[in-house]
1. Among [x] 25, 54, 20, 1; [y] 23, 48, 25, 5, 0; [z] 17, 30, 21, 14, 15, 3, 0, only one was calculated for this model; which label is it, if the read-out is P(r) over Cα pairs in 20 Å bins from 0, in percent?
2. Which FRET efficiency, nearest 0.05, do Arg395 and Ala176 yield, Cβ-Cβ r, R0 30 Å?
3. Each label point is 7 Å from the Cα along the Cα-to-Cβ direction; what then is the distance between the points at Gln367 and Val246, in nm?
4. Let me confirm the definition first: pairs of Lys residues in the chain, 8 or more apart or on different chains, C-alpha distance under 29 Å. How many are there?
5. Restricting the count to DSSP beta bridges whose residues both fall in the chain, what percent are antiparallel, rounded to a multiple of 5?
6. Compute the length gained on full extension between Gln125 and Arg258: take 0.36 nm times their separation in residues and subtract their Cα-Cα distance, giving the result in nm to one decimal.
7. May I ask you to derive the FRET efficiency for Ser102 and Arg163 from their Cβ-Cβ distance with R0 = 25 Å, giving the value to the nearest 0.05?
8. Once a ≥ b ≥ c are taken as the square roots of the eigenvalues of the Cα gyration tensor of the range 4-192, is the result rounded (a/c under 1.5), prolate (a/b larger than b/c) or oblate (a/b not larger than b/c)?
Amino acid sequence: MRDVYIGRQPIYDRGLEVCGYELFLQPAGVRANGSFESKRAAAQLVLDTLVEIGLDAIVGDKLAFLNLPSELVLLLLEDLAPALPQERLVIQLDEQIATDHSVLELARNLTLQGCMVAVDGFAGQPALLPLVERADIVRVDVRGRDTAALREIMTPLQHHGVRLLAGGVESYQDFARCRDLGFDYFQGSFLYQPDIVRGRRSPASRTPLLLLTRLQDPEADFAELEALVSQDVGLTYKLLRLVNSVWYGRRTRVESVRQALLLLGTRLVSAWLSLIVMAGVAGKPHELMTTAIVRARMCELLAGAMGRFNRESYFLVGLLSVLDALLDLPMSKVVEMLPLSEDVARALLEHEGELGEVLACVLAYEQANWDGVDRTGLRPSLVTEAFLDSVGFARDVRAVLRA
């Protein structure tokens, strides 16, 4: 694996289903003020990495919105389309390179080859309008803009027949406003924020919380955990399917809850049961649980790379890090209601301690904050491998849970 960071952030349609992922690719150590030769080498490194890994491993069957450092875009555009599945590739172009005389011709060639072109950061700039005419998608940053300002930006775009992507959507209220204005796609941190108003009026979140309370109880012993699971046929079925098909793939099949507890231990089984309970919460986008599983697996893998013990605790911290958004409750309230150990609670609330350090690294990776990732001292290729493994792992787990 080359030293290239590869991250992704989901893009949703109007029904909050994932239609694509924005990909962030950054060769480690490359700076904007580097020489042309170093930028050319970095561009080739990015292209080789994408071809080697393949889009399927990163985005599955979704669209890939390619976000590259502006200094690499022009060096890569001509080579990208022939090397990757054109029908799923969306090349993002921003104002920083829109004035380059070669960009318009390249955009035209990309569309002829079957790629889609997205204009990033449109706010009514006249310099971007020629590029908008050749674009399929236009992204508008909605942060700090009221409804009247957004309508003003959208008006000239409606004459071009482009699809509109709302970027920087930070709350469910923002999502509803942009959807009502006519945006087609949505991207931002809103999915990972609790909808506190919804949480206050809906008691549905209490049932999984009660189950999670019993699963996380440090006083719960082997017999209590076995009894809790065995009385729920659905829980038992999904636990055994996960153990046999995703986690271990042992030659000897695990046939009972007791056998699973004996082989894996109560802490790991509790973590897996927590995952199953969380996946059963209704009324939330599927991507939220996908994110939880990716975080959990990545925390576990990075902990192993750092020589940490109790890897199941790192898995649990990553998994529980979405509980506030899943249950529409503040994380402080969730932690207060669950019998969590002090180190797990501290990691979730403050991202501190050994558990919190790893969770902070995973969250930084998720946000394409590469400087934050670098603070761990781990080699970039190792972190990227952990991420890609986690994406595949989450895909396998989701498939089992849907069966």
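Every number here is computed from the coordinates shown, using simple stated rules; none is lab data. Just so it is clear, the model here is predicted, and its values are computed rather than measured. So basically every Cβ, Gly included, is an ideal-geometry build from the backbone, and we count neighbours across all protein chains shown.
1. [x]
2. Numbers: r = 29 Å, r/R0 = 0.98.
Using R0 = 30 Å, I get an efficiency of 0.55.
3. If labels sit at Gln367 and Val246, their model points lie 2.7 nm apart.
4. On the way: Lys39/Lys62; Lys62/Lys238; Lys62/Lys284; Lys238/Lys284; Lys238/Lys333; Lys284/Lys333.
Lysine pair count for the chain: 6.
5. On the way: 10 of 32 bridges.
Antiparallel: roughly 30 percent of the beta bridges in the chain.
6. On the way: separation 133, 0.36 × 133 = 47.88 nm, distance 6.46 nm.
Taking Gln125 through Arg258 to full extension adds about 41.4 nm, to one decimal.
7. Details: r = 25 Å, r/R0 = 1.00.
Computed FRET efficiency for Ser102 and Arg163: 0.50.
8. Details: a/c = 1.73, a/b = 1.41, b/c = 1.23.
It comes out prolate by the Cα gyration axes.
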